[in-house]
Each structure stands twice: as structure tokens, then as C-alpha cells.
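The values are calculated or read from the model by the stated rules, or taken from the named source; none is laboratory data. Small disclaimer: the values here were computed from a predicted structure and weren't measured. Please note: Cβ atoms are built from the backbone with ideal geometry, for glycine as well, and neighbour counts cover all protein chains shown. Note: accessible area is taken over every heavy atom of the protein model, side chains too, but ligands, DNA and RNA are not part of it. Shrake-Rupley method; radii C 1.70, N 1.55, O 1.52, S 1.80 Å.
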Amino acid sequence: AIISDRLWRRRFSADAGTVGRTIASKTGAFQIVGVMPPGFSYPIASVTAGPVDVWLPFIPTQAMTVRGNSRAYLLSVVARLKPGVSVADASVRMARVRDALALRYPGWFNDHGVVVRRLQDAIVGASVRSWMLLLLGAVAVVVLMACLNAANLLVARAVGRGPELAVRTALGASRWDLARALLVESLVLSILGAAGGILVALWGVEILRATLPTSVPGLAMVSLNFRVLTITAVAAVLTSVTFGTMAALQASRPDVVTLLGQAGRGHSGGRAGRRLRTGLVVAEVGLAVVLLSGSGLFLTSFMRVTSVDLGFDPRHVITLLSASMNSSDIVPATTADRQARALGGQSVIEAAIERVRAVPGVVAVAPIQGGSPLSGSALTVPVQPADRLTGPFTDADEPFVRSSGPGYLEVVRGTLISGRWIADTDVVGATPVVVLSDEAARRYFGAQSPLGRGLLMNGYERTVVGIVRAMRWRGPESEILPEAFIAFKQTAHPTAQLIVRTNGDPAAVVPALQNAIQGTVPGATAPTPQLLEQSYAGLLAQRKFNMIILLLFGTVAVAIAAIGIYGLMAFVVSQRRREIGVRVALGALPSGILSMVLGRAVRLLVAGLVPGIAVSILLEQTARAFLFNAKPHDPVVYVGVAAVLLATGLAAAFGPARRATRLDPLVALRQD
């Protein structure tokens with residue numbers, strides 16, 4: 001065996017003498033011959049399988065050479081191409097190999113081709129790459145908004161210092177001297193901001209790793225590395241130089257006579273300056289609308305996913321043990337040896353069920369074989385009505401078969417539509433029974449009632465005794481597929497999972513459940529539990545992460561836009577102090593002053609909202625690939641975005657507006 005660095009450190013305390021030692025498992029004893037380096041992870045962890053810690057040699061068995069009725073291939077091949085051989089060349093050669101094998105083994109290759117692709121594409125996939133590009137676009141929008149905000153504030157600050165710069169010019173300062181001073185100031189501010197951002201990022205990366213879905217490739221290697229820090233530093237310098245230059249160019253050529261004449265009154269930097277500042281704020285609002293609209297789309301998408309009715313309730317359900325089932329196990333044992341093995345194993349399962357049922361907090365328990373809900377695993381077999389009036393149902397019409405016991409429907413809280421569920425009397429020797437989902441009944445029997453009718457499964461006839469409501473056992477985003485449930489005691493399989501419903505947190509009763517099962521078979525390894533709620537959360541992890549990230553970016557975008565609105569309104573109020581003082585002296589009411597300032601803020605917000613929503617609608621098609629049941633141009637999203645942005649913008653503008661209403665006209669007029 002080869003073990004992972006994680007297991008080596010956790011179980012063997014990173015002992016250099018671990019190589020050569022023997023480890024025991026359910027399948028035998030293995031000698032450790034190597035330890036993989038940190039960060040190595042293959043196959044990539046998924047919802048149904050966690051990170052791999054042990055790699056064993058693959059030794060084919062005789063059973064693997066018999067395909068039977070299954071069309072599932074359980075092995076994947078990983079190869080390294082020779083130098084100079086492309087993926088296209090490998091595809092052509094593998095197609096020839098497949099054709100040659102199909103002539104010799106038609107039962108294996110008559111319905112499958114060969115697909116050759118890069119391992120990176122297999123691991124990352126187009127969806128992950130597209131999502132990362134979308135995420136990069138969101139980051140770029142936030143950075144651009146921050147730059148626009150910085151530019152706006154720098155321009156406003158430079159304009160406010162107009163009289164000072166005029167004095168410097170009158171005393172002999174050149175345009176380069178003024179521009180250099182302003183650029184140095186903006187550079188210092190950007191470096192301080194970048195340093196603060198890096199400190200926050202060091203903490204934020206740990207939160208990011210904790211919230212990333214385990215299926216994201218390279219999760220263990222996510223860190224704030226030197227390359228990221230370098231890019232951040234370069235971006236900070238470029239931002240300061242680029243947008244600081246805008247302020248420096250405008251403020252480095254002051255009209256000395258005019259500015260000195262207005263030194264006591266304040267000035268706004270001219271019409272061009274006002275347009276520049278207004279345009280920057282409008283652009284910020286528009287970009288905020290784009291990000292906030294994306295956040296709203298992902299939020300509503302996540303809400304739609306979580307509201308999908310699964311047909312069962314995964315809360316407070318836990319599964320223990322695991323064993324695979326193949327198509328030969330769904331028929332009764334035909335030999336004395338198989339019968340003895342099946343009955344012996346099933347009696348142990350029954351004894352374990354009785355012990356588990358006695359554990360405090362357990363509501364219901366049942367055996368399940370063929371894959372528990374949300375596990376992603378199941379067995380399919382061809383079926384045909386016993387009267388053979390129609391042909392066999394194959395491929396997509398094949399049912400996903402599970403063997404179960406009487407308590408399964410109570411555990412998962414499924415719905416029995418008609419007939420009955422599997423009973424304790426459904427054992428070997430009794431009439432073989434099957435319970436179909438309503439989707440399976442519709443496909444196989446149409447509008448006719450299937451109850452009491454026979455169904456050939458793998459050539460063995462079973463009588464339909466019940467119809468249950470279909471379950472989305474692969475998750476909320478899966479389609480409804482035909483299902484068939486057979487009695488566990490009428491199969492040849494000696495092992496099964498136990499699926500348990502508790503009246504509280506199932507994790508709290510896991511030790512008691514493990515002890516109960518180990519008490520049935522002394523010396524047995526403690527069964528590994530799997531909570532259905534965790535499996536369900538794992539299926540939603542990627543969408544939840546997408547939603548959280550976009551909501552975070554949307555929140556930051558709104559905050560930046562609010563800062564821009566606040567800064568512009570505060571600047572406007574400070575520059576119009578004399579005008580506001582005159583208005584108050586002539587009898588203007590505080591409400592009039594308030595509405596004047598807030599009115600300008602509303603005009604800015606609307607000016608950014610309209611193009612922002614238009615751009616969002618155009619970009620919506622790009623985001624739909626990541627959305628669940630997306631509604632085209634959902635008015636709820638865009639109305640909500642407009643309401644949030646208007647409310648936030650008005651709240652930001654309210655502070656400067658309120659200060660304007662409290663302005664003392666004597667103080668304002670005395671500035672002249």
C-alpha cells in the first residue's frame with residue numbers, strides 16, 4: 001500500500017520508519033511501501049467519496065471478466081502519452097484497439113466507444129473553468145469599482161486643494177512639482193491600502209478554504225502565495241499611478257487668479273471636473289448593478305434548488321455499513337451454498353437491526369442494498385412485463401433497483417400511493433414481490449394499474465404489490481427516473497447497509513449505533529456512518545459557494561458605490577456651502593435643502609441603474625449555465641437590485657444632506 005501524507009502524519013506521527021510497516025483493513029493486511037507528498041490528491045474528492053488516503057495495487061479477479069447484464073464500467077484508465085503523441089493521435093489509436101476488441105468480445109464493446117481526453121480536463125472540466133472565469137470577471141469588476149472610487153476621491157481631494165496648489169504655483173512651483181506631489185500621495189495611500197488588504201486576505205484565505213466544496217480540484221493547495229502577493233502589489237502601484245495621474249493632470253494646472261479669488265468661497269473644479277466626478281460615480285453604480293444582479297440571480301437559483309421536493313426527507317437520517325450489489329444478487333440464491341450464505345448474512349443483519357432499534361433516539365431502521373439515497377450509486381437491470389406483449393425496457397427506461405426491508409419507507413418518509421410496501425413475510429419461498437415508483441409504473445404499464453401484474457427483472461418474475469411516489473435519490477437537480485424496490489430477504493445478498501432515522505441529531509447516536517452493530521458481530525470493524533444531511537449539503541455545496549461568493553462581491557460593490565455617493569455628496573455640500581447658506585438666509589426650509597441634496601443623489605443612482613440593468617440583462621445568458629431553472633429576465637431580481645441600491649445610495653447621501661440642513665447661514669456667508 002501507498003499512503004497519503006495526511007494519513008502518515010495523522011496515524012503514524014510522520015515517523016520515518018513507517019515504510020515497511022503493515023496495516024490491516026477489512027480486505028486484508030498490506031505493507032506500506034511509500035508515502036505520497038503533501039498536496040497529492042487523486043482521485044479528486046467528491047460528494048460521495050472523501051479524500052483518498054490509501055492506494056492499493058489493482059489485481060483483476062475472475063469475476064471481473066464476466067460482464068453479465070450490467071452496462072456499467074467500473075474502471076478508468078490513466079496513461080501518459082509518449083513524447084510527440086497528441087490526444088487526437090491517441091484517440092485514433094484507441095478507436096482501433098476498441099474495434100479489434102469488439103470483434104473478439106462483442107458482449108463487452110457492442111455499446112461503448114472510447115473517449116480520450118486530458119486528465120486536467122477530466123478533473124477540472126469545462127464547468128469549473130467557466131466558473132473560475134466568471135469569478136475572475138467579478139473580481140475585475142470589484143477592482144475597477146475600487147479604482148473608480150479612488151480616482152473620484154483623489155480628484156475631489158485635489159480640487160479641494162485648488163487654492164493651496166494655486167499658492168504653490170504663484171510661489172514658483174512647476175506643474176511637474178505639483179503632479180509629483182499628488183502622485184506620491186496617491187502611491188502612499190495605495191500601498192497602505194494594499195498592505196491592509198493583504199492582512200485581511202491572510203485571514204480570508206482560511207475562510208475560503210473552509211467554505212470551498214471538497215470537489216474543487218487543488219483545494220489543499222489554495223493559499224496566498226508569493227505570485228498572488230506580487231500581482232497584488234503591482235496592481236496597487238498601477239492603480240495609484242493610473243488613477244492618481246487623472247487627479248494630478250487636472251489639479252496641476254490651476255487658474256491662479258481665479259482660484260486665489262475664490263479661496264474663501266470654495267470652488268468645484270469647473271464644469272469638466274464636475275462631469276468627471278459625476279461620471280465616475282455613475283459608472284460605479286452601473287458596475288454595482290451588474291454584480292448585484294448576478295448575486296440576485298445566484299441567490300434565487302439556490303433558493304429554487306433548496307425548495308425542490310426530493311420525495312423523501314434526508315433530515316435525521318444516517319446510513320451505516322456498505323456493500324455492493326450486482327445483477328446476480330437480485331434473484332434468489334439457486335444453490336445450497338448461496339442460500340446458506342445469504343440466509344446466514346441476512347440473519348446477522350436482522351440481529352443488528354434489532355439491536356439498533358433498541359438504541360435510544362432511533363425512530364426507524366431498515367436494511368438497504370443497491371445504494372442509499374443521495375449516494376449516487378445504484379444498480380440497473382432490464383425489465384419486461386411478464387406477459388411479454390411489449391419488448392424489454394432497456395437503457396434509460398431500466399429501473400434503478402434497490403433491495404430493502406419493511407421499515408425503509410418510514411425511515412426516508414416516502415409516500416405510498418397504492419398497494420403495500422415490502423413486508424416481513426416477503427422472504428425466500430414466498431411470492432417474489434416488487435414495489436415500483438409511479439414513474440416506473442407509468443413507463444411500463446401506461447395508464448393501466450400495475451398492481452398484481454408480473455414484471456420480469458433479469459429474467460426472473462416478480463409481482464408488483466405497491467406504487468410509491470418517485471424520489472430524486474440523486475439530488476434536487478436530478479431528473480425523476482424509474483425505480484424498483486425488491487424485498488431484501490428475497491435476494492441472494494448476505495450484506496446490506498442499515499439506514500436509520502433518529503428523533504434528533506443523528507451524529508449524537510453514532511457511537512451507540514456502532515456499538516450495537518459491533519455487539520452483533522464481535523470483533524467487527526466499527527461501521528463508517530454517513531449522514532444524509534451531509535450528503536445533501538455536499539450536493540448543494542458548489543451552488544452554495546457560488547451564491548456566497550457572488551453575494552460577497554455584490555455586497556462589496558454596493559458598499560463601494562455607497563462610499564462613492566457619500567463622497568460626492570459630501571464634496572458637493574462642502575463646495576455649495578455659500579449657496580446653501582444664502583438659501584437658508586432667504587427662508588429655505590430644512591426639508592427643501594434635504595430634498596435638493598437627496599434629489600441629486602437619486603438622479604445619480606437612476607443614471608447608473610438604467611445602463612447597469614441593461615448590461616446585466618445582456619450578460620444574463622452567460623450566467624444561466626450556472627443557474628438552476630433560471631427565469632429569463634426575472635423581474636423580482638432586477639426590482640430587488642434597484643430597491644437595494646436606491647436604499648443604500650440614499651442612506652449614504654443622507655449624512656451629507658442632513659449636515660446641509662444644519663448649516664448656519666452666518667458661518668457660511670462669513671466665508672466671503
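Details
- Scanning the stretch 20-39 for residues that are at pLDDT below 90 and open to solvent by less than 90 Å² (accessible area, probe 1.4 Å) yields Ile23, Ser25, Gly28, Ala29, Gly39.
- Single condition Gln384 does not satisfy, out of (1) outside any strand (DSSP E or B); (2) farther than 24 Å from Val363 by Cα; (3) open to solvent by 10 Å² or more (accessible area, probe 1.4 Å): (1)
- Members of the stretch 76-93 found to be in a loop (DSSP other than H, G, I, E, B) and either open to solvent by less than 60 Å² (accessible area, probe 1.4 Å) or touching a residue at least 12 places away in the same chain (Cβ under 8 Å) (or both), listed by number: Val78, Val85, Ser86
- Test: residue in the stretch 306-317 that is part of a helix (DSSP H, G or I) and at pLDDT 75 or above: yes
- Subset of the stretch 287-321 (residues that are within 30 Å of Gln514 (Cβ to Cβ) and either open to solvent by 40 Å² or more (accessible area, probe 1.4 Å) or without any contact (Cβ under 8 Å) to a residue 24 or more places away in the chain (or both)): Arg315, His316, Leu321
- All positions within the stretch 399-447 that are charged (D, E, K, R) and either over 35 Å from the mean Cα position of the chain (by Cα) or buried (at least 22 other Cβ atoms within 10 Å of the Cβ) (or both): Arg402, Arg420, Asp424, Asp426
- Taken over the stretch 476-505, the criterion of being more than 36 Å from the chain's Cα centre (by Cα) and open to solvent by 10 Å² or more (accessible area, probe 1.4 Å) is satisfied by Lys489, His493, Pro494.
- Residue within the stretch 340-353 that is more than 30 Å from Val509 (Cα to Cα) and either open to solvent by 20 Å² or more (accessible area, probe 1.4 Å) or at pLDDT 65 or above (or both) present: yes
- Residue identified as surrounded by fewer than 14 Cβ atoms within 10 Å (Cβ to Cβ) and modelled with pLDDT of 70 or more among Val228, Val257, Val241: Val228
- Per-region count, the stretch 452-467, residues surrounded by fewer than 18 Cβ atoms within 10 Å (Cβ to Cβ) and under 9 Å from Val434 (Cβ atoms): 1
- For beta carbons closer than 6 Å, sequence separation of 6+ or different chains, a first residue in the stretch 350-362 that is touching a residue at least 40 places away in the same chain (Cβ under 8 Å) and a second that is open to solvent by 60 Å² or more (accessible area, probe 1.4 Å), the qualifying pairs are Gly361/Asn503.
- Test: residue in the stretch 533-556 that is open to solvent by 20 Å² or more (accessible area, probe 1.4 Å), among the polar types (S, T, N, Q) and farther than 22 Å from Ala201 by Cα: yes
- Inside the stretch 367-398, residues that are within 32 Å of the chain's Cα centre (by Cα), aliphatic (A, V, I, L, M) and modelled with pLDDT of 80 or more make up a count of 2.
- For the stretch 158-201, the tally of residues that are over 20 Å from Leu238 (Cβ atoms) and at pLDDT below 80 stands at 20.
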